[in-house]
1. Please work out if Leu67 is within 30 Å of Trp303 (Cα to Cα) and either of a type in the set (A, V, I, L, M, F, W, C) or assigned to a loop (DSSP other than H, G, I, E, B) (or both).
2. Looking only at residues that are at pLDDT below 95 and assigned to a loop (DSSP other than H, G, I, E, B) in the range 2-36, which one is surrounded by the fewest Cβ atoms within 10 Å (Cβ to Cβ)?
3. Any residue in the range 300-310 that is more than 17 Å from the chain's Cα centre (by Cα) and either surrounded by 19 or more Cβ atoms within 10 Å (Cβ to Cβ) or at pLDDT below 95 (or both)?
4. Report whether or not Leu355 is in contact with a strand residue (DSSP E or B) (Cβ under 8 Å, 6 or more places away or on another chain) and either surrounded by 19 or more Cβ atoms within 10 Å (Cβ to Cβ) or at pLDDT below 95 (or both).
5. Taking Phe161 as the residue in question, decide whether it is part of a loop (DSSP other than H, G, I, E, B), more than 30 Å from Asn254 (Cα to Cα), among the hydrophobic types (A, V, I, L, M, F, W, C) and touching a strand residue (DSSP E or B) at 6+ places or on another chain (Cβ under 8 Å).
6. Among the residues of the range 205-219, which ones are in a helix (DSSP H, G or I) and buried (at least 18 other Cβ atoms within 10 Å of the Cβ)?
7. Is it true that Gly163 is within 29 Å of Arg123 (Cβ to Cβ) and either basic (Lys, Arg) or crowded, with 20+ Cβ neighbours inside 10 Å (or both)?
8. Taking strands (runs of 3 or more DSSP E) that fall entirely within the range 272-349, which contain at least 3 residues that are in the same structural domain as Ile218 (by TED's automatic domain parsing) and either of a type outside the set (D, E, K, R) or under 22 Å from Leu170 (Cβ atoms) (or both)?
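The values are calculated or read from the model by the stated rules, or taken from the named source; none is laboratory data. Not measured: the values here are computed from a predicted model. Cβ sites come from the backbone with ideal geometry, for glycine too, and all protein chains shown count toward neighbours.
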Amino acid sequence: MIKIVTVIGARPQFIKAAPVNQAFKASGGILEKIIHTGQHFDNNMSRVFFEQMNIPEPDFNLDIHSLPHGAMTGRMTEAIEKILIDEKPEWLLVYGDTNSTLAGALAASKLKIPVAHVEAGLRSFNMEMPEEINRCITDRISRLLFCPTPVAVENLKNEGFSGKNSRIVLSGDVMYDASIIFREKAKKPAEMSLPGEYVLATVHRAENTDDVIKLKNIVKALNTVSERLPVVLPLHPRTRKLLKEPGIPALSDNIIVTGPVGYLEILYLLDNCRLLLTDSGGMQKEACFFEKACVTLREETEWTELVDAGYNKLAGSDPDLIYSSFEHFSENPPGFGRKLYGSGRAAEEITRSLLM
């Protein structure tokens with residue numbers, strides 16, 4: 001039996017952790033201890049995911065959130081280090097590209113505990129993004145690099161990663177595993193009246209919400225789209241607050257605003273929407289899992305294979321480009337003939353590699 005400490009803290013990480021936790025239990029050879037940093041702490045952004053996805057209650061909850069990047073990462077690193085000294089795990093497991101990811105990897109590497117990184121090798125090639133910095137540093141100090149796609153593997157090889165200090169594993173994508181496991185449990189958000197056809201939209205990235213011009217243009221685009229089809233818009237509390245800032249247009253009456261929704265509810269909304277408008281990383285893939293076209297409200301994406309396959313268009317915050325991309329997919333829905341993210345057994349591959 002080996003002990004693994006897993007660090008999670010944000011909505012996408014809860015989703016990724018669920019199938020891996022199931023695979024760990026099924027193996028009979030892994031004892032997992034979970035640290036929740038508290039980066040996402042609202043019930044609708046945190047607890048509901050644990051409840052819906054049968055993730056065990058965290059063994060440690062650090063309750064660290066709502067701080068600048070440096071302060072948040074520093075406090076998390078300090079707290080995780082103390083836990084690792086006591087727990088003495090064989091591996092430290094992290095997911096994705098958040099401050100929680102970097103803090104866990106840094107704390108473990110300083111203690112010479114090997115790091116396993118799920119979703120390794122992703123690159124937007126935009127070093128102004130905090131997420132890009134987090135993922136690049138985490139990859140560099142990880143021993144096991146679990147890549148969701150062949151493109152991610154090639155990115156690491158191009159950066160000089162080799163078998164000498166780290167091992168690259170093409171695992172497939174654990175979010176695809178999760179979509180398969182939980183799709184049948186998807187449920188309509190409570191007390192929400194949905195139109196027969198609608199566009200699903202999410203906006204939360206700081207690069208959009210903290211820039212008045214970008215946020216203004218995105219709202220303008222959503223209002224224009226809503227003239228053709230109603231838009232369902234789940235909002236983080238922070239984004240909802242920023243939409244009230246001076247200079248931001250009012251949302252159209254054809255935009256149905258709701259608070260954050262749980263994983264099973266977002267699966268339902270994705271399964272039943274016409275297409276997705278989002279600045280999320282994970283939801284770009286989830287749209288593909290449900291064979292829905294995606295217009296990405298960013299200038300670049302880590303998931304370049306979606307763009308190459310014609311399933312995704314990058315529109316940034318340009319209202320004309322957002323609308324023309326929406327029109328394109330409305331009239332020319334993609335065929336979704338290619339499997340881009342593995343076979344749905346990524347969690348099993350991750351478990352086997354950790355037990356080797």
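1. yes
2. Ala10
3. Checked against the condition, which is being more than 17 Å from the chain's Cα centre (by Cα) and either surrounded by 19 or more Cβ atoms within 10 Å (Cβ to Cβ) or at pLDDT below 95 (or both), the range 300-310 yields no hits at all.
4. no
5. Judged against the criteria, Phe161 is a match.
6. First, pick out the residues of the range 205-219 that are in a helix (DSSP H, G or I): 206-209, 212-219.
Once the filter is applied, which keeps residues that are in a helix (DSSP H, G or I) and buried (at least 18 other Cβ atoms within 10 Å of the Cβ), the range 205-219 yields Glu207, Asn208, Thr209, Lys214, Leu215, Asn217, Ile218, Val219.
7. For Gly163, the condition - within 29 Å of Arg123 (Cβ to Cβ) and either basic (Lys, Arg) or crowded, with 20+ Cβ neighbours inside 10 Å (or both) - is not met.
8. 276-278, 294-296
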